[in-house]
Amino acid sequence: MKTKISFLLTAFIYCAFVVAQYKNPDVPISPVKGIEYYYYEGNYPTEPTDFNVVNLLKAGTLLNISLSLAISGSDYLFNYIGYIKVPVDNVYTFYTLSDDGSNLYIGNTKVVANDGSHGPNEQFGTIRLKAGYHSFRAYFSQLGGGASMAVSYSSALITKRALPDSVLYRDGKAFPVISVIKDTFMLEQATLNIPFKVIDTDGVLDSLKFKVYSNNLTYMPNGNISITGTDSLRTLTLTSPNNISGVVRLILLTTDKEKKSTSVIFNVTIKSIIPQISVIRDTMIYKNSLITGIPFTLTDNDDAPSTLVMLATSSNQSIVQNASVIFNGTGNARTIDVTPVVNASGSVTLTIRATDPSSRYFERTFILNVADTLTYKLSETPFNPQPGVDYLYAEILGNNVIDFTTIQPDKAGVISTFSLSPSLVNNYYAFEYTGYIYVNSTARYTFYTNSDDGSMLYIGGNVIVSNDGGHGDQERSGAIDLKKGYHKIVVKYKEGNGGEVLGTNISAVGFSKRPISSSMLFRDGYAY
C-alpha cells in the first residue's frame, strides 16, 4: 500500500513539475491584428544590449515581419514586437531563416539564436507554451550583401509553416501620427519654416519627444534644425549652410510616453544662390572666320539674370582676344559670338564668368579650335556611293592581321558595318573591311578599335589605329584632321584563339565617343 501511495505521489509531483514548465499566457491591452516594428540604422555585428543608443529612424505597424520598409541597403536593424496566439498547450518550435543576423524571444526567453554576420542561415529553438497570447520580439540585422528574414513555427499539431498573419497581435493603443510633409526646396543661406500637425489620441501632446535625422550633415547639420510649438501645431525650422546645393533626406520622428514612435520622411532640395552656366560644348571654326550664336543657359535662384555681369577670358590672346568674345541676350537663354585674330589658328580655352550683385560668381570653360584648313585631309568621292562596306574573309593561323593581296579569301561580300557575323569558325580567321566613312564637318576625328586579338584602322591609306597582335580585349586610338565628306576607310581584324571581339568607335569636337554606325559607312556601288 505504501509503495502504491509513494508511486502516486511521485507521479503527481512529476506532472505538477511538467505543467509548471509551460509558460503562462500574457494579457495584451485591447489586442488587434498586426505587430509593431522599429527600424534603426547602424553597423552592429551582434544585437545591441541597449537600443536607446541606436538611431531609431522609423516605427509603426505591420501585419507580419517584413524588410520592405528598410530605408538603407545595409547597416540597419529591425525590432518586431507583438504577441503570438497559440491554440493549445504544447511544445512549440520557432525558426528564423535570415541573412544576416536574427534572434527571437518569447517573453524574456531567447528561443532562437541566429545572430552575427552570415549568409542565409536557419536556426531553431523550442519552448512550452500554454494556450493564449504570448509576447514576442524578433530582431534582425543587415550588415551588407543579401538581406532576408523569415520566421516559422511548428508543434505536434502544426506542421512547420511561416507565421501566418492570423496569429500575430499587438496592443491596441494608438501610435502618434505626424501629418504628411511633402518634398520641398529652399535656397542656400536661408531659413525655411515647415508647419506640421501631430496627433496622439491616447497620450498628452506636450509629452511627445521629437528627433530629426539628416542623411547629409554637410547639407543640413543637426544644429541647423529645430522644432517649436505646442499641442497639435508644430513648426520644423531648417537653416541651410553656405555654398551648398543638392538634396538632403530628413526623417522626423516622434515618440510618446509609452515609447510608441512614428516618423515621416521627406526630401529638401537646397538650391544654390551662386549663378549657374550650362555646359558649353567645345567647338571648331576655320581660320579668318567667326562663329556666332554659341548657346548657353544662365540661371540664378535669387537674382534676376539681367543683373548678372558676364566676363570672358581667353587663354591665348594671340588666337582670341578677350574683347572679341561678345555676349548676347538678357534672360536665361544667352549666346556667344567669337571672332579670332586674323590669320591665327590653334586651340584656345575660353572661360566665361557670371557674377551676381553680391559678388558671387560661377565659371564655365570650353575649348575653341581655330583650324587651318590647309592641313586637313581632303575628301574622296566614291563612285555611286551605297550603304555598307565590302569585306574579305579567310581562315588562317596566327594572331596578326593579314595582307589579302597575297592571301586567297575564302569568302567575300557586303555588310552594313564592321561585324564578325560572317565568320564560319570561332578561331583563327581574318577579315578586311573596305569602304568610305562620311564625316559631316571639317574637324579633328579620333578613331578607336577595341579587339581580341589584332586590329588595324586606316584612313586614306594611313595607319590611324594600331592594335595588332595576340592579346585580350584592349582598346587603342589615333586622330586625324578630316575635311567634310567621304574618306576611304579600311579595318583589318585577326582572331587567334580564345575571345572574339571587334569594336570601332569615333569622336570629335562637338560629339562624344560613339560606335561608327552603319549610317556613316558607304562603298562603291558596283555589283558582285
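Relative to the Cα centre, what is the charge dipole magnitude of the chain, using +1 at the beta carbon of each Lys and Arg, -1 at the beta carbon of each Asp and Glu, and rounding to the nearest 20 debye? Intermediate values should be presented prior to the final figure.
Values: 42 positive and 44 negative charges, 317 e Å.
Its charge dipole is roughly 1520 debye.
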Sorted by packing (mean other beta-carbon atoms within 10 Å per residue), highest first, where do 256-263, 512-519 land?
-> 256-263, 512-519
Would you work out if the chain is rounded, prolate or oblate? Take a ≥ b ≥ c from the square roots of the eigenvalues of the alpha-carbon gyration tensor; rounded if a/c is under 1.5, else prolate when a/b is larger than b/c, oblate otherwise.
-> oblate
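Students often check this: by mean Cβ neighbours within 10 Å, which of 179-185, 108-114, 149-155 ranks highest, and how do the rest follow? If you can, show how the numbers build up before the last one.
Details: 179-185: 11.9, 108-114: 16.7, 149-155: 18.4.
My ranking of the peptides, most packed first, is 149-155, 108-114, 179-185.
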Amide H proximity to G60 below 5 Å, modelled H, separation 5+ or other chain, gives Y37
Could you check the simple spin-label distance between S419 and S519, using points 7 Å along Cα→Cβ, in nm with one decimal?
-> 1.8
Please list the non-local residues whose amide H lies under 5 Å from the amide H of M284, H modeled 1.01 Å from N, same-chain partners needing a gap of 5 or more.
-> N369
State the Cα centre-to-centre distance between the stretch 451-514 and the stretch 415-440 in whole Å.
-> 12
Cut-off under 5 Å, modelled amide H: who pairs with S226 long-range = T237
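Based solely on its DSSP helices, what 222 nm [θ] is calculated for the chain when runs of n ≥ 4 H residues each add -39,500 (n - 2.57) and the sum is averaged over all residues, nearest 500 deg cm²/dmol?
On the way: 1 runs with 19 residues, N = 528.
The per-residue figure over the chain is -1000 deg cm²/dmol.
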Under Karplus coefficients 6.51, -1.76 and 1.60, residue-wise ³J(HN,Hα) of the stretch 350-361 in Hz, glycine/proline x = 9, 10, 10, 10, 10, 10, 8, x, 9, 6, 7, 9
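How large is the Kirkwood hydrodynamic radius of the stretch 378-528, in angstrom, based on all distinct alpha carbon pairs?
On the way: mean 1/r = 0.0647 Å⁻¹.
When all Cα pairs of the stretch 378-528 are included, the Kirkwood radius is 15.5 Å.
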Proximal lysines relative to K260, as straight alpha-carbon distance under 24 Å, when same-chain residues fewer than 8 apart are discounted | K33, K58, K85, K110, K173, K182, K197, K209, K211
If one compares the long axis through the Cα atoms of helix 2-20 with the longest principal axis of the Cα atoms of the chain, the angle in degrees, nearest 10, works out at 40
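Tell me the carbon and sulfur percent of the accessible area for the stretch 276-390, rounded to whole percent, probe radius 1.4 Å. Write out the running numbers ahead of the final one.
Details: 3140 of 6020 Å².
Percent of accessible area from carbon and sulfur atoms in the stretch 276-390: 52.
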In Å², rounded to a whole number, the accessible area per residue of the stretch 377-528 with probe 1.4 Å is 45
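The values are calculated or read from the model by the stated rules, or taken from the named source; none is laboratory data. Fair warning: this is a prediction, and the values are worked out from it, not measured in the lab. All Cβ positions, glycine included, derive from the backbone under ideal geometry; neighbour counts span all protein chains shown. Note: accessible area is taken over every heavy atom of the protein model, side chains too, but ligands, DNA and RNA are not part of it. Shrake-Rupley method; radii C 1.70, N 1.55, O 1.52, S 1.80 Å.
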